[in-house]
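Down below is the structure, laid out as C-alpha cells.
The values are calculated or read from the model by the stated rules, or taken from the named source; none is laboratory data. The structure displayed is predicted, hence computed values, not measured ones. Reconstructed Cβ throughout: ideal geometry from the backbone, glycine too, with neighbour counts over all protein chains shown. Quick note on the areas: whole protein, heavy atoms, side chains included, nothing else; ligands and nucleic acids left out. Shrake-Rupley method; radii C 1.70, N 1.55, O 1.52, S 1.80 Å.
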Amino acid sequence: MAQRAEAAIEPELPTQAGEFTFVGLPDVNGSIRGKAFRPEAFDAALRQGTVMTDLLLGLDPTDTPITDYTRFGIRSGAGDLVVWPDASTLHELTWRPGWRICLATPTWLDGRPCELASREVLRRVLAGISELGYDAMAALEYEVRIRDAEGNPLSSGISYSLSELERFDTFVAALAPALDALGVELTAVHTEAGPGLLELNLAARPGLRAADDATLTKLAVKGLASSMALRASFLAKTAAGEEGSSGHIHLSCWRDGKNAFRVADRAGSLPPVFSAAIAGVVEHLPAASLLLNPTINSYKRLVPGWFAPVNASWGIENRSAAVRAIVHPDHPELCRLECRRPGADANPYLALAAVVASATDGIRRQASPPPAVEGDAYARADLPELPGSLESAIRAFDADRVLRDALDERFSEYYVTSRAWELKAWRETVSEWERERYGRTV
C-alpha cells in the first residue's frame, strides 16, 4: 500500500484548484461512485489513501444491495476498501465550476489489489497481452440519444446529415471543451438513423486510458445534458423499430512503435497476428457477450437488420459482421479490428477487457479465423448464432473457461452473480406489455 500512496503524492494538477474533487471508482455497471473531498482532504487522500465502503462493489443499477454476495457488501457488514486516487486522471468538470474528478484504485484492507474492480480487471488483462510483447491501442465510439426536457428527440433520425447535426449544435459546442478538460479527444460526431441519435468518435489511446476516456465521456455527456435541461441515454434499445445505441470497440496491437496489424495492400492477406487476434475474438464472442451486452435490454438491440451483429462472424470492411477488419495500406497506423457487438450500455473497462483477453488468446495460440464473410452476414444461416438473451449469455460465459480465467475466476464468479441478479429482477417484474397483451384474454 505504501507504494500506491507514494506514486500518488505528486498530482499532475494543483491540488488546491477546486472546491471539491470527486474521487470515484467505476462500479460493475460502469457508473462512477465515490465521495467529494474538499482540498485539504483530497491532499490527504493523495498521500495516504482514503476509505470507502465495499458496498460499492455490490450495488445494482437501482442502488439496491446485491444480497447474493457474502464476502463483502451488505451481508458482511459493508466494510471498508482502501481507495487510492490516480492523480493522472485528475480533471476539471467544466459544467460544474469548482468541481474536479479523479478516478481511483481500490485495495482490500490488507493491501491486496481488489480483483473485482472493473479498472483493475482491465489492467490485469492488458498485462497479459503485454507479456506477448504487444501494447493494446483502443478507441470506443458511442451512440447516445439526446432528448429535450419534454422527451422529444433533438433530431428526426436521418444519418450522417448536416442539417440534422445542426440540431445538436449547442450541445456539441459545450461537449467538445468539456471533453478537452477531461483529457478526452473527441475526433468526430455525426447523426445516426434513429431519432435523437448522435454518434461520438473518440481518439485511440493505450488500453487503460481508452477505457478511462470512454467512462469520462459517458459521465460528461449525461452531466452536461442535465445542466442544459436535456436528457441523454446510453440505453441499448430505447424503442422498438428504431436503431439501438452501440458502443463499438476498435483495437490494434503495437510493438516497438509500429502497428502489428498493418496491412501492405488491400489485395494481400492479413498479418498473422492480426488474423490470430480476430480468430480469438470471434471464438470467444458468445461468452464475451455477457460483458459486451450486460443487461436485459442489451439483447433487444441485437436483432437482424439494425447493424447489430447476431452471429459469430468477421469480414474485411464488412459492417454486417460481428468483427470488422479495417485495412488502410496507405495509413498503417489505422489498421485495426472493430468489434461491433458491444452496446452503449456496456461497462467500458469490462467490454475492452473481454475483447483484449479474447484477442490475446488467439495470438498466443496463433489461431486461424474462419473464412471471412462477404456480403450480408445476417443472411448467413450457417454461421454460429450469438446469445440472444442475458440468460443464454450467462450459459456461454460459464462454459468458456479460457475467458473466465483470463479475467480472473474470482472476478468471473462475482460478475456472473451480478448478471444473475439482473435476470432475477426481470423475472420478478410484471411489465405493462404483459398486462396489455394478456390481461383481457387469458
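Descriptive notes on the structure:
- Spans of helices (runs of 4 or more DSSP H) in region 359-442 with at least 2 residues in contact (Cβ under 8 Å) with a residue 24 or more places away in the chain: 390-399, 401-407, 409-427
- Within region 314-352, if we keep just the residues that are open to solvent by 10 Å² or more (accessible area, probe 1.4 Å) and assigned to a strand (DSSP E or B), the residue that is nearest to Phe397 (Cα to Cα) turns out to be Trp314.
- Region 49-75 - residue that is within 15 Å of Leu116 (Cα to Cα) and of a type in the set (Val, Ile, Thr) and, of those, most open to solvent (accessible area, probe 1.4 Å): Thr70
- Of all residue pairs spaced 6 or more apart or on separate chains, those with beta-carbon atoms under 7 Å, a first member in region 282-306 that is in contact (Cβ under 8 Å) with a residue 12 or more places away in the chain and surrounded by fewer than 22 Cβ atoms within 10 Å (Cβ to Cβ) and a second member that is part of a loop (DSSP other than H, G, I, E, B) and acidic (Asp, Glu) are Thr295/Asp345; Asn297/Asp345; Trp306/Glu243.
- Candidate set from region 99-125 (those that are touching a residue at least 60 places away in the same chain (Cβ under 8 Å) and open to solvent by 30 Å² or more (accessible area, probe 1.4 Å)); member that is farthest from Leu291 (Cα to Cα): Trp99
- Members of region 14-65 found to be of a type in the set (Gly, Ala, Ser), at pLDDT 95 or above and more than 18 Å from the chain's Cα centre (by Cα), listed by number: Gly34, Ala36, Ala41, Ala44, Ala45, Gly49, Gly58
- When residues of region 165-223 are limited to those that are part of a helix (DSSP H, G or I) and of a type in the set (Lys, Arg), the one most open to solvent (accessible area, probe 1.4 Å): Arg167
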